[in-house]
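Trainee: Here you go, one structure.
The values are calculated or read from the model by the stated rules, or taken from the named source; none is laboratory data. Please read these numbers as outputs of a predicted model, since none were measured by experiment. Cβ placement follows ideal geometry from the backbone for every residue including glycine, while neighbour counts extend to all protein chains displayed.
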Amino acid sequence: MSFLKNKIVRYLISGVTAAFVSLSLLYIFADIFGIWYLFSSTFAFIGAFLVSFLLQKLWTFRNTHIHDISRQLSLYFITAIAGLFANALFMYVLVSIAGLWFMLAQVFSSGIIAVITFFIYGNIIFNHTQKGSVLIATGLYPPDIGGPATYSRLLETELPKHNIDVTVAPFSSVRRLPKIIRHIAYFLKISFEGTEAEILYALDPVSVGFPALVASKLLRKKFILRVAGDYAWEQFQQRSALLKLQPTTNNQQPPTLEEFQREKFDFITEMRRKIEHFVAQKADQIVVPSKYLKNIVLEWGVPEEKITVIYNAFTPPSIMLDKGEAHGKLEIDGIVLVSAGRLVPWKGFEALVDIIADLKSEIPDLKLYIIGDGPERETLESQIANRKSQNNVFLIGKLSHDELTQYVKAADIFVLNTGYEGFSHQLLEATALGTPIVTTRIGGNPELLENRKEGILVEYNKKEEIKNAIKNLLQDDELRNVLSQNAKEKSKTFSKERAIESFIKLLVYD
């Protein structure tokens, strides 16, 4: 039965079984054999104690080692006696001081002691960490869409092929709960599921990173953190756009990620910053997907020797269609530009809408398809209407990976006017598909694309520069072919095998 695979369920069943054995033995010794009730209760306690010990050791926590059974028995007995004293103390406080009904007080006391003893059994008495086992704490997991979802599924699939056991703990299982409560629940989830893992690996520094760090200290596990962005900066950008906050930098523009590292902001933003810096500083190792992000994390006070650059694992998209066939399947025509990403301020979609509105008089059949969804959608819809570009700019919304691949394949140019990229998985896919790229020389982009070799690099939100790059690339067939071929070759250097090998070295040797 699948529910018996849950360690907590087995723990509770073992406890109930031990209680049943105690009562049964007490009845047998006292009523059937007529033994004095104090002796009977002693024999019943010993029998129930041994049954409880064996069930918890062999069944609940799956500890089959016998070389330290005497130590485990001693600790188990001490824990049982400590539980009796703790129960008496809790009952006194709850009944005599707090005035709680004694039956309700016993329920509370038993629950608290059960949770405490569960941790003691799993992490001290019966702890048997499996070598080469990883628990992955992730904010997104399939069917969620996003980098962490893709990455966690890749590790879950590939690491067992190298004899590394993987357990994935998705935050989505507690996301429906209220704030703060969900993080406490997630901490408990990791603490329960991580008892047998050798390493806890968190895929962001705040929502899953902080609970995972605390759990790692409690469980005495190695803690590795992956930093693929600055959570505090991203939240500040979204909140600023939502509340229409005034920018704080001298040039009256929202702060770049680099500027954000050097400035002070509101209380909530500074709290988020302190949490992610604290988690990063306490991690045993940090993984970043680009040298650019390594430099950002260095500014958080993390020693360089703790940071390892592992570029995103990448499986080239498989698509049998050529560009013309993709046009036909999607029922699109004209000169096609495609952009993709969450509709958030730093992705620069507003500038792209203005650029297409300016170019449509010169290139009437120019079309821009924006793939993705997010908080900026209504703003973009209003802007498209105001610029009378409904026939040239289309907000497609969220698509499946295969559908997105078809749009990128159909594009004459893939354009990404982004103000921040740690290391873009979407750009990687565009390079593998051979679609000519115009993007910003921001973040990790220059590590993937060399200007005029694998793509065209421009300044973020510089409309004239982006407009000229698009026009020149559309007019230069030879340059588009060169960029396409070079990009395809470059994408081969970011293989899934290389990324997995680098991560395994980090697990084994650090």
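Trainee: Consider PHE503 carefully, then state whether it is surrounded by 16 or more Cβ atoms within 10 Å (Cβ to Cβ), in contact (Cβ under 8 Å) with a residue 12 or more places away in the chain and part of a strand (DSSP E or B). Spell out how you get there, then give the answer.
Mentor: Details: surrounded by 16 or more Cβ atoms within 10 Å (Cβ to Cβ): yes; in contact (Cβ under 8 Å) with a residue 12 or more places away in the chain: yes; part of a strand (DSSP E or B): no.
No: the conditions fail for PHE503.
Trainee: Which condition does TYR231 not pass, out of (1) without any contact (Cβ under 8 Å) to a residue 24 or more places away in the chain; (2) surrounded by fewer than 21 Cβ atoms within 10 Å (Cβ to Cβ), if it passes all the others?
Mentor: Result: TYR231 passes all but (1).
So that you can scan it fast, the table gives a plain yes or no per residue for (1) surrounded by fewer than 17 Cβ atoms within 10 Å (Cβ to Cβ); (2) more than 20 Å from the chain's Cα centre (by Cα); (3) assigned by TED's automatic domain parsing to the domain that holds LEU213; (4) at pLDDT below 90:
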site: GLN253; (1), (2), (3), (4): yes, yes, yes, yes
site: GLU259; (1), (2), (3), (4): yes, yes, yes, yes
site: ILE268; (1), (2), (3), (4): yes, yes, yes, no
site: GLN285; (1), (2), (3), (4): no, no, yes, no
site: GLU299; (1), (2), (3), (4): yes, yes, yes, no
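Trainee: Further question: Taking the options ALA469, ALA487, name whichever one is closer than 17 Å to ASP354 by Cβ, outside any loop (DSSP other than H, G, I, E, B), free of Cβ contacts under 8 Å to residues at least 60 places away in the same chain and out of contact with any Phe, Trp or Tyr (no Cβ under 8 Å at 6 or more places or on another chain).
Mentor: On the way: ALA487 fails: closer than 17 Å to ASP354 by Cβ.
Residue meeting the stated conditions: ALA469.
Trainee: Does ALA149 meet the test of being of a type in the set (A, V, I, L, M, F, W, C), under 18 Å from PHE223 (Cα atoms) and within 12 Å of the chain's Cα centre (by Cα)? Outline the logic, then answer.
Mentor: Working: of a type in the set (A, V, I, L, M, F, W, C): yes; under 18 Å from PHE223 (Cα atoms): no; within 12 Å of the chain's Cα centre (by Cα): yes.
Taking the combined requirement at face value, the residue does not satisfy it.
Trainee: If you don't mind, another one. For region 285-342: of the residues being in contact (Cβ under 8 Å) with a residue 60 or more places away in the chain, assigned to a loop (DSSP other than H, G, I, E, B) and of a type in the set (Val, Ile, Thr), which is nearest to PRO205 (Cα to Cα)?
Mentor: ILE310
Trainee: Just a yes or no: is a residue in region 210-221 assigned to a loop (DSSP other than H, G, I, E, B) and of a type in the set (D, E, K, R)? I'd like the intermediate steps shown before the answer.
Mentor: Within region 210-221, the subset assigned to a loop (DSSP other than H, G, I, E, B) is 220-221.
With the extra rule that they be of a type in the set (D, E, K, R), the set shrinks to 220-221.
Checked region 210-221: at least one residue is assigned to a loop (DSSP other than H, G, I, E, B) and of a type in the set (D, E, K, R).
Trainee: For region 356-378: of the residues being without any contact (Cβ under 8 Å) to a residue 60 or more places away in the chain and out of contact with any strand residue (DSSP E or B) (no Cβ under 9 Å at 6 or more places or on another chain), which is nearest to LYS462 (Cα to Cα)?
Mentor: Out of the qualifying residues, it is SER361.
Trainee: Of all residues in region 433-479 being of a type in the set (A, V, I, L, M, F, W, C) and more than 17 Å from LEU337 (Cα to Cα), which is modelled with the highest pLDDT? Quick ask: steps written out before the conclusion?
Mentor: Taking region 433-479 as the starting set, the residues that turn out to be of a type in the set (A, V, I, L, M, F, W, C) are 433, 437-438, 442, 448-449, 456-458, 466, 469-470, 473-474, 479.
Narrowing further to those that are more than 17 Å from LEU337 (Cα to Cα): 442, 448-449.
Numbers: ILE442: 90, LEU448: 91, LEU449: 95.
The selected residue is LEU449.
Trainee: If you check PHE29, PHE33, PHE108, PHE61, which single one turns out to be crowded, with 18+ Cβ neighbours inside 10 Å and farther than 30 Å from ILE164 by Cα? Walk me through it before giving the result.
Mentor: Numbers: PHE33 fails: crowded, with 18+ Cβ neighbours inside 10 Å; PHE108 fails: crowded, with 18+ Cβ neighbours inside 10 Å; PHE61 fails: farther than 30 Å from ILE164 by Cα.
Only one candidate passes the filter, namely PHE29.
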